[in-house]
1. Give the percent of DSSP beta bridges with both residues in the stretch 516-627 that are antiparallel, rounded to the nearest 5.
2. Sorted by packing (mean other beta-carbon atoms within 10 Å per residue), highest first, where do 773-781, 414-422, 88-96 land?
3. Output needed for the stretch 275-400: three equivalent-ellipsoid semi-axes, defined as square roots of 5 times the C-alpha gyration tensor eigenvalues, in descending order, whole Å.
4. Any idea what diffusion coefficient the stretch 467-628 gets from Stokes-Einstein, in µm²/s, Kirkwood Rh on alpha carbon pairs, 37 °C, 0.692 mPa s?
5. Can you give me the three principal axis dimensions of the stretch 307-463 from its C-alpha atoms, in Å, biggest first?
6. First measure r as the distance between the Cβ atoms of Y133 and F110, then evaluate 1/(1 + (r/R0)^6) with R0 = 22 Å and state the FRET efficiency to the nearest 0.05.
7. Using a 10 Å cut-off on Cβ atoms, rank the peptides 711-722, 302-313, 200-211 from the highest mean neighbour count down.
8. With the full set of protein chains in place, find how many percent of the accessible area of the stretch 32-152 is carbon and sulfur; take the probe as 1.4 Å.
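The values are calculated or read from the model by the stated rules, or taken from the named source; none is laboratory data. This structure is a prediction, so every number in the text was calculated from the model and none was measured. As a convention, Cβ positions derive from the backbone with ideal geometry for all residues, glycine included, and neighbour counts pool all protein chains shown. Side chains are part of the model used for accessible areas, which takes the heavy atoms of the whole protein and leaves out ligands, DNA and RNA. Shrake-Rupley method; radii C 1.70, N 1.55, O 1.52, S 1.80 Å.
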Amino acid sequence: MNGYSWVSVISIFCYLFLLVAFISAKKPKNVIRTFIAMLAIMILWNGGSLGMRLQLWPSVNFWHHVSLLGMFMVTVGYFHFVLDFLDDRRNHGRTFWLFFYIGLFVFNCFTNLFIPLPEVVTEGGKTQFLYHYTDNIYLLFIPILITLTQLTAIIWRHCRGNRIAFQQLRPIITGLFIMLLGHTLATLPFFVGFPADMLSGAVNAFFLFYAMYKKKLFHMSILLSKYNCATIAVFVTLALFANFAAPLELFLIDQLGFGSVAAMAIIAICSVGLVVILYLGIRHLFNAIFARTEQQLQALVEQFHEEITHMLSVEDILLILSDTLQKAADFDRLLILTKEPDGEYHISHTIRQLEERSFVFRPDHPLVTHFKTHSEGLALRDFERTTAYRSMWEKEKSQLSNLHIEYIVPLKSDNELVGVIIMAGKQNKPAAHPGNIWFFQAIAESSAVAIRNASTYEQAIQEAQRDDLTGLTNYKFFFEVLDREFESIKDSALSLCLINIDDFKLYNQMYGSQEGDMILRHIARILTGSINGSCHAARINGDEFALILPGYDVYSAKLLAENIASQIEEVVNTISVDGPRKLSVSIGICSAPYMASSAKELYRNADMTVYNVKRSGKNAVQIYSSEMFPRKSAAPPHKSGYNENASTIYALSAAIDAKDHYTSQHSQNVAHYAAALAQAADMEDDIVEIVREAGLLHDIGKIGIREDILNKPGKLTADEYEAIKKHVENAVSIIRYLPSLDYVIPAVLSHHERFDGTGYPNGLAGDAIPITGRILSIADAFDAMTSIRNYKDAMSSKDALQVLHQEAGRQFDPELVRIFIELVESGKVELRCQTPQQTTIFGWH
């Protein structure tokens, strides 16, 4: 080699070695990509210099310009690298400086103004390349100094008050100083012919590499790839054969008698064999010395990632996370904090069973603030050097100190801090060291994504189980909890309290839904504040709540219910801004196992008790008793509220009849069929009477429907159908003003619900529909089908029964349908129909 070509060769080898290593990295960060670009620039610079010194094809001048391209791009490459190293995503003129330095290079190619072509001098068989610089070269330093000044200002802003950032940048600043020094020395006469600029560039690349390693942007195993082993093997082989190929060829020809072709073939085979041997030896050496531990850690990372990929439980993920970390290091303390809905970070897992869990990171804690903008782990000793630490309260500092924290790793997913891992090694044996910090980071990145996904899933499940207004368990999940608690009781009791707000719809109408919602939230707070952790509070209807009370006998539940009722009355009187209001609750209580043999029966008995309270005057707490609902004639006759309000009902009926003659006869028929079905289903006499009265009143709400819709002969439009559906709510509103009749409301409200849940107004399904409503639905449909309408003929009872059979399980309760069909077919119920004269000119929908 000529002159100082060895400097370029060694530099190129180092650059290629690093380039191959980092190109093979999976999912490289921006700073890694910029470092790869820097290595490519250095290879251009040094490769051009080497090609020039070896006078390779096509010309010395060509390789001179290749080297100049690399040299001109070093400054802008450095500018980009530092910005990415600081994780500064702002532009700061990146594009401008890139095209500016490319323009300078092109300008110099045509003018040689800044850097002239080299003079090739050969003396004594030795070739040197001499640059005769003029003062114009100092013009080149002006934009370089401007760029570096801007870069210095950016570094200053990042490092001001942040000693961690300054320490991370120290190797970069040192490398930059060495590179500037090398460029300056290259212009002096004393260093003519010596590539001080290239040598300083190689030293600078080492410092950049060291800075990234210290910042834990990669782990050393990246240098031990098979590609790098091959690169080293090829380079060593070329170096050896460059010096020994010629003597070996002479030995083979002169001493062993081989021909020149055979000698070259033997040398080629030997070189290939040497490459293979060196490759295998280097790989084995690297694995033995460096890679084995990292390979084990990498296997742990892959195993951990595979295990948590499909996990949807945060608790399970944290347990596996803890176990995996403990396989890599010995911890004296390991805490995992996760983000709560209020933004605070609480301890969710610890390896110490008796660990104090009161340790909390507030959303504005300096460590939380730091990790919101930084993704790398942080040693506490480094954090203690920052102004953020000095601004903390002494109590907060002592908390960190008492925990003997060594290292903290953030759990970040899509720039959201979902948690932190706090670790401390055992005495004289630190848990975090350069060999495993990359492992902690990799584990944290995988677990952060899994924790966030699992948290989102758990939150969605909780939201699906919670009532939006009150935050209590909602209607659907209530029955799951009730079934679960009922199955879990053995020798203990389980009580159920159903709490219904009296005349709450009227309260909303009088004072507005906003105040009504406020009342519901206050009641929810009273319920949750009155029960312990093993009990459950739910909102199961607009104005109805439930308490599931494991371990409560019926008398304990009654005491609790009475206390709750008094609290509700008191809070309603105090929260109103317009003076005291009156609001009461009706509470029904049933207890298992003595009063119910299933969860369904437990709920049904409590539900019936509530309605018994309503019928008896409301505003009371009552315990279920089978004597409340005696069968057949064992009980005294039911005192009907219908007769008390007969005059009012007749007046309403007359008003409806004026609009729709069909309604009056239809209601009587429905009452007849419904009472017969209830009796055949072995309902108590009280229930039979309730069903009969509900049948008489179920269409009373049609008084609020326009005549043209009620009497329309053809098919209803969508808007008209929505209007006709309102008759259910209208009927309930009317009955509310007849207090002695409000016990029929559940039946009236639910007689258009469907067994499959597609009915109206509430979309109830199955047993959630009150049995009185299910009975009324069958009676209503049967009479509608067997009556003459102006838009259809009457259907025979046989065909009507066939329709009921087909819709069993979809529109109707299948068991009640079976009973009704047997009732009709056996002739035990008198069939009624409306005469043509009654329906010829009037329609029903």
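1. Antiparallel: roughly 60 percent of the beta bridges in the stretch 516-627.
2. Result, highest mean Cβ count within 10 Å first: 773-781, 414-422, 88-96.
3. 36, 21, 14
4. 208 µm²/s
5. Principal extents (largest minus smallest coordinate, Cα): 42, 33, 31 Å.
6. That gives a FRET efficiency of 0.75.
7. Most protected by this proxy first, the peptides run 200-211, 302-313, 711-722.
8. Carbon and sulfur together cover 67 percent of it.
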